Amino acid sequence: MARLLRVAAAADVPTGSGKAIEVEGRLLAIFNAGGGRYYASSPLCPHEDGPLADGVVDGPADRPSIICPWHAFDFDLRTGACSFDPDLTIPVYPVRVEGADLLVELP
C-alpha cells in the first residue's frame, strides 16, 4: 500500500535542479522542473551510480528529464526511461504539492 510522505518544502528545491533527501531511511532525489512541476526518483544513476540530484533538469515542459552529471545519461522524470540505453531505467514516484510542502507517494 502506497504512503504519502512530506519530503521537503517546495522552496528548498530551486527551479531546474534537484535535491537529495532521506525520508524514513530511503534516499530520494527531488526535482523542480518549473511551473509548479516536481518529480521524485532514485538518487543514483543506474549507469555508474552517479548522483542524479546533482544533475540538471532539461527538456520540454511536457517531457522533463534529468541529466546525470557524470556521463550525461538522461532519464525521463515521468517514466524513468533512459534515452541513451533502453535497458536502463530509474524508479520514479508521484509528487504532490500541498501548500508549501512536497509530498511523495512511496510504495
Note, region 51-58: 3J(HN,Hα) by Karplus (6.51, -1.76, 1.60, θ = phi - 60°), whole Hz, Gly/Pro = x, goes x, 4, 4, 8, x, 10, 7, 9
The rounded separation in angstrom of the Cα centers of region 71-98 and region 34-55 is 8
Region 3-106, dipole about Cα centre (Lys/Arg Cβ +1, Asp/Glu Cβ -1), debye to the nearest 20:
360
Any idea what % of Cα-Cα pairs in region 3-106 are farther than 24 Å?
14
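Laboratory data are not the source of any read-out in this text; all were calculated from the coordinates shown. All values derive from a computational prediction rather than experimental measurement. Cβ sites come from the backbone with ideal geometry, for glycine too, and all protein chains shown count toward neighbours.
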